[in-house]
Amino acid sequence: MASFGFPASESVTTPEEITTERLLLRWPRETDAEEIFARYAQDPEVTRYLTWRPHEQIEQTVEYLKKSTVNREEGRSFPWLIRSRETRLVLGMIGLRIEGHVAHLGYVLARDAWGQGYATEAARTVVAVGQKNESLWRIEAYCDVENAASARVLKKVGLSYEGTHRREIVLPNLSDAPRDVHCYAIVRADDGRWA
């Protein structure tokens, strides 16, 4: 029987912590659950364009963190908690989900962290981490056609608009029907350069 699933990557490596000019990115832990829940996971406005519903109880956040640890250990996804270097406050989360030679970029920011360039700073850094992995040939991201803020971030970090995928992704906070999304990507050429 043929399988259309994607294997976990054993060859993708990522650092546990990354420091940028204003941010500290590090792998999340279960002990972060309370702050994640309070800062953004239960906020319906924050989760509006995401593929998961707002968490109603902190146990959902704990379960997500347990699952993300297993997925990271198996090479399936690599999430980083985003903290302010200055205040140490949780600002959101960003990550790469691996499917074969493709890394899918995704992120979420607490509402009070919007519009300050944090998503761009974190995404630029995480894309650079992905580009250092020889097993990856493509880094891509999708955003809802109405999510202009995310589209701007993806362009700023070097991903190119490739087209609109019709009825591609269900965003349960907007509709039970699949929605149209824009696809952005950066790919590695045979000579190793990314464009």
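Each reported figure results from applying straightforward, stated rules to the coordinates on display, with no laboratory input. No experiment lies behind these values; they were computed from the predicted model shown. A quick note on method: Cβ atoms are made from the backbone with ideal geometry, for glycine too, and the neighbour counts reach across all protein chains shown.
Of the beta bridges DSSP finds with both residues in the stretch 17-187, what % are antiparallel, to the nearest 5?
90
Using r as the Cβ-Cβ distance of residue 111 and residue 191, and R0 as 41 Å, what FRET efficiency do you calculate, to the nearest 0.05?
Values: r = 42 Å, r/R0 = 1.03.
Computed FRET efficiency for residue 111 and residue 191 comes out at 0.45.
If I model a spin label as a point 7 Å beyond the Cα along the Cα-Cβ vector, how far apart are those points for residue 135 and residue 180 in nm?
Each label point is offset 7 Å from its Cα along the Cβ direction, giving 3.7 nm.
How large, in Å, is the chain by the Kirkwood hydrodynamic radius built from its alpha-carbon pairs?
17.2
By a straight-distance test (C-alpha under 26 Å), which lysines pair with residue 155 as possible cross-link partners, with residues fewer than eight away in the same chain excluded?
Answer for residue 155, where 26 Å is the Cα cut-off: 132, listed by chain and number.
Name the aspartates and glutamates eligible as straight-distance cross-link partners of residue 156: C-alpha to C-alpha under 18 Å, and not fewer than 8 places from it in the same chain.
21, 121, 140, 144, 146
May I ask you to list the trypsin sites (Lys or Arg not before Pro) in the stretch 135-195 that are in a DSSP loop and have at most 16 other Cβ atoms within 10 Å of their Cβ?
Answer by residue number: 193.
Run the simple label-point estimate for residue 70 and residue 165 please: 7 Å along Cα→C-beta, distance reported in nm.
2.5
Provide the packing ranking of 41-50, 15-24, i.e. peptides ordered by the mean count of other C-beta atoms within 10 Å per residue, highest first. Walk me through the intermediate numbers first.
Details: 41-50: 16.9, 15-24: 13.8.
So the peptides 41-50, 15-24, ranked by packing, come out 41-50, 15-24.
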